[in-house]
Structure formats: C-alpha cells, structure tokens
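As structure tokens, the structure follows; a few thoughts come after it.
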Amino acid sequence: MRTKLIAGNWKMNLSKAESVTLASEVLHKVPKSAKAQVLLIPAFIHIDAVAQVISKSQLLLGAQDVYFEKSGAFTGEVSTEMLLELGVSHVLVGHSERRHVIHETDAVLNRKLIAATSEKLVGIYCVGETLQERNSGKAAEVILHQLKTGLANLSHDVIAMGHLVIAYEPVWAIGTGQTATPDHAQETHAFIRARLAELLSPELADRIRIQYGGSVKKANAAELLAKPDIDGLLVGGASLIVDEFVGIIQAAEKS
Ligand code: PEP
C-alpha cells in the first residue's frame with residue numbers, strides 16, 4: 001500500500017501573513033485522522049513562519065528547491081541542513097519551472113536529488129514533457145532520459161527508506177488549466193513505474209510513490225486518484241485556495 005501524498009506548491013506566491021493564514025486554515029480543515037499525507041511547500045522565506053503554525057500537527061513541510069553543497073560560498077543558496085533545522089521533510093527537485101525557466105541542467109538536478117535524499121529529506125523528483133515534445137512523439141524518450149539522469153547513482157537504500165517520490169508533471173498541463181486525462185496520466189505513470197523497475201528493481205518500483213501534477217483541482221482530483229499508479233497529487237494554483245486544496249485532500253481520503 002502506497003500512502004497518498006497531496007502536496008501544495010505555493011511557488012513564489014503569498015506574503016508571510018497570507019502563508020500563515022493559509023497554513024492554519026488547511027490545518028483546521030484537515031482531519032487529524034487523515035490517512036493521506038498532506039505537504040505544504042511555501043517559499044523559502046516563509047518556511048519558518050509556516051513551520052510555527054503546523055509544528056506538532058500531521059501536516060508536513062516542504063521546500064521548493066535545495067542546493068547540493070553542504071555550506072560555503074554559494075550566495076543565495078540553501079542547504080539541506082538549513083531546511084532540516086526548520087522542520088522541512090520534503091523537497092522538490094527538477095520542477096519544470098526550475099528546468100525550463102531557471103535552466104537547471106540534468107547534472108545539477110542529479111546532484112540535488114542525491115544531496116537531498118542522502119541527507120534524510122524526501123526528494124520529490126519532477127519529470128514531464130513539454131507540449132512540443134509531446135506533439136513530436138518524444139514524451140516517453142524525454143521522461144526516460146529525465147529518470148535515467150536524475151536517479152543516476154542514487155542509493156537504493158535511501159530509496160527503500162521512502163526518500164524518493166516521483167512527480168509526473170506534463171509541462172503543457174502546469175498552470176494552463178489543461179489537465180492530462182486520468183487515462184493518459186495512468187498510462188504515463190505505469191510507464192514510469194515500469195522504467196523504475198528496470199533502472200532500480202521491481203521491488204523498489206512498487207514502493208515508490210508517483211504523484212501527478214498539472215492543473216489539478218477538486219473537480220478532477222478523485223478520478224485521477226482512482227487510478228492504480230497515481231499515488232498522490234502535486235498541486236500548484238489550486239493549493240493557494242483553501243476550499244480547492246481541502247477538497248483535493250478530501251478526494252484523497254475517499255480514494
Ligand atoms: C505545479 O506547480 O507543480 C503545478 C502542477 O501547478 P498547477 O497545479 O498550477 O498546474
């Protein structure tokens with residue numbers, strides 16, 4: 001059984017006060033007995049404030065990025081140790097905006113994923129094809145390349161401990177209102193799990209959670225979560241709206 005993971009990626013949105021308000025509203029609306037895991041991913045600068053709100057609760061705290069070096073002259077960067085000190089348990093690696101807007105390379109993402117997972121964080125490694133790649137029939141090739149490069153030299157032991165989550169986020173579905181159909185998402189998730197079985201082992205592939213992300217809202221969450229290889233959702237825009245995000249969590253509770 002893979003526990004569902006519902007994550008809200010707040011991106012570069014919300015003031016400190018708004019972040020605190022949103023975290024406390026989610027906290028009060030999510031039942032303590034929830035069987036799904038709920039993860040809030042605020043901007044770096046508001047992590048500490050959100051941590052104060054959700055500490056001692058069942059809600060989990062994430063970061064949108066991390067640097068691979070432990071410390072030193074890396075202006076503007078944040079280390080795994082700094083995140084752990086604030087109570088962060090999960091970190092996104094390779095979100096499409098980091099790949100396509102910030103232009104992070106495969107090699108950098110691989111180093112970040114190794115650093116995060118080996119330092120006791122759960123790395124949520126994002127993969128997904130652009131519209132152009134999809135239209136030219138290259139989606140599978142692109143996703144396989146991202147898996148191979150991202151997971152290279154990752155310790156199987158840390159993966160077995162649950163420190164790796166994959167998020168399939170087709171770039172054409174992120175922030176566009178265009179969601180992959182549940183069947184399309186399931187097909188790609190099954191493809192990813194099969195490749196994980198080859199790259200790692202069938203046992204590890206069976207344990208790794210694969211989230212779907214791309215214009216998820218409460219109206220489409222249930223049918224996505226009903227698919228056997230969709231183990232959670234990575235939510236952007238809708239995670240900023242309490243009613244939407246709580247509706248998505250409720251869909252996970254019923255799945
Ligand atoms: C995301 O940021 O990972 C995302 C999927 O965004 P949205 O839900 O807004 O498409």
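The values are calculated or read from the model by the stated rules, or taken from the named source; none is laboratory data. Please read all numbers here as calculations on a predicted model, not as lab measurements. Cβ: placed from backbone, ideal geometry, glycine included. Neighbour counts: every protein chain shown. These accessible areas exclude ligands, DNA and RNA; they are computed on the full protein's heavy atoms, side chains included. Shrake-Rupley method; radii C 1.70, N 1.55, O 1.52, S 1.80 Å.
Quick check: pseudo-label points 7 Å beyond the Cα along Cα→Cβ at residue 131 and residue 187, how many nm apart are they?
For residue 131 paired with residue 187, the spin-label model returns 2.0 nm.
Taking GluC sites (Glu not before Pro) that fall in a DSSP loop and have at most 16 other Cβ atoms within 10 Å as cut points, what is the longest piece of the chain between them?
Looking at the chain, 78-255 is the longest stretch - no exposed GluC sites (Glu not before Pro) with at most 16 other Cβ atoms within 10 Å.
Can you pick out the pairs among 32/148; 11/120; 29/227; 16/218 whose Cα atoms lie more than 30 Å from each other?
The answer is 32/148.
Determine ³J(HN,Hα), in whole Hz, for all residues of segment 180-195 in sequence, where each value follows from phi through the Karplus function 6.51 cos²θ - 1.76 cosθ + 1.60 and θ = phi - 60°; x replaces Gly and Pro.
5, 5, x, 5, 5, 4, 4, 4, 6, 4, 5, 4, 4, 5, 5, 5
I'd like the antiparallel share, as a percent to the nearest 5, of DSSP beta bridges with both residues in the chain.
Bridges in the chain that DSSP calls antiparallel: roughly 0 percent.
Grab the Cα-Cα distance for residue 77 and residue 56, subtract it from 0.36 nm times how many residues apart they are, and report the gain in nm with one decimal.
Contour length minus the Cα-Cα distance gives 4.8 nm.
Once a ≥ b ≥ c are taken as the square roots of the eigenvalues of the Cα gyration tensor of segment 5-254, is the result rounded (a/c under 1.5), prolate (a/b larger than b/c) or oblate (a/b not larger than b/c)?
Cα axes put segment 5-254 in the rounded bin.
Relative to the present Cα-Cα distance, how much length would full extension add between residue 105 and residue 155 at 0.36 nm per residue of separation?
Gain on stretching residue 105 to residue 155: 15.9 nm.
Nearest 0.05, what FRET efficiency do residue 84 and residue 206 give at R0 = 22 Å with Cβ-Cβ as r?
0.20
Read phi for every residue in segment 231-236 and hand back ³J(HN,Hα) as whole Hz from Karplus 6.51 cos²θ - 1.76 cosθ + 1.60, θ = phi - 60°, with x for Gly and Pro.
Residue by residue, segment 231-236 yields 9, x, 9, 10, 10, x Hz.
Using a ≥ b ≥ c from the Cα gyration tensor of segment 163-213 (square roots of the eigenvalues), is it rounded, prolate or oblate, where a/c under 1.5 gives rounded and otherwise the larger of a/b and b/c decides, a/b for prolate?
Prolate, since a/c reaches 1.5 and a/b exceeds b/c.
Can you list the residues, at least 5 places off or on another chain, whose amide H is less than 5 Å from the amide H of residue 95, using H built in the peptide plane?
Result for residue 95 returns 126.
Where Rh denotes the Kirkwood radius from the mean inverse Cα pair distance, what is Rg over Rh for segment 27-68?
Looking at segment 27-68, the ratio lands at 1.01.
Which of the trypsin sites (Lys or Arg not before Pro) across segment 73-113 are loop residues per DSSP, with 10 or fewer other Cβ within 10 Å?
none
Kindly provide the trypsin sites (Lys or Arg not before Pro) of segment 159-255 that DSSP labels as loop, not H, G, I, E or B, and whose Cβ sees at most 13 other Cβ atoms within 10 Å.
none
Give the accessible surface of the chain per residue, rounded to a whole number of Å², with probe radius 1.4 Å and ligands, DNA and RNA excluded.
Here the per-residue accessible area is 45 Å².
Pulled fully out, how much extra length does the chain show between residue 178 and residue 138, if you take 0.36 nm times their separation in residues and subtract their Cα-Cα distance?
Computed gain between residue 178 and residue 138 is 12.5 nm.
Rounded to a whole number, what % of the accessible area of segment 5-254 do carbon and sulfur atoms account for, probe 1.4 Å?
Answer for segment 5-254 is 55 percent, counting heavy atoms of protein chains only.
By its C-alpha gyration tensor, with a ≥ b ≥ c as the square roots of the eigenvalues, how is segment 1-107 shaped: rounded for a/c under 1.5, else prolate for a/b larger than b/c, else oblate?
Since a/c reaches 1.5 and a/b is larger than b/c, the shape of segment 1-107 is classed as prolate.
Amide H to amide H, which residues 5 or more places from residue 216 or on other chains are under 5 Å from it, using H placed in the peptide plane?
236
Around residue 63, which amide H atoms from residues at least 5 apart in sequence, or from another chain, sit under 5 Å from its own amide H, with H modelled in the peptide plane?
Counting only residues 5 or more places away or on other chains, the set is 90, 91, 92.
HN-Hα J couplings of segment 201-216 from phi, Karplus 6.51/-1.76/1.60, θ = phi - 60°, integer Hz, Gly and Pro as x?
6, x, 5, 5, 4, 5, 8, 6, 7, 10, 8, 9, x, x, 6, 6
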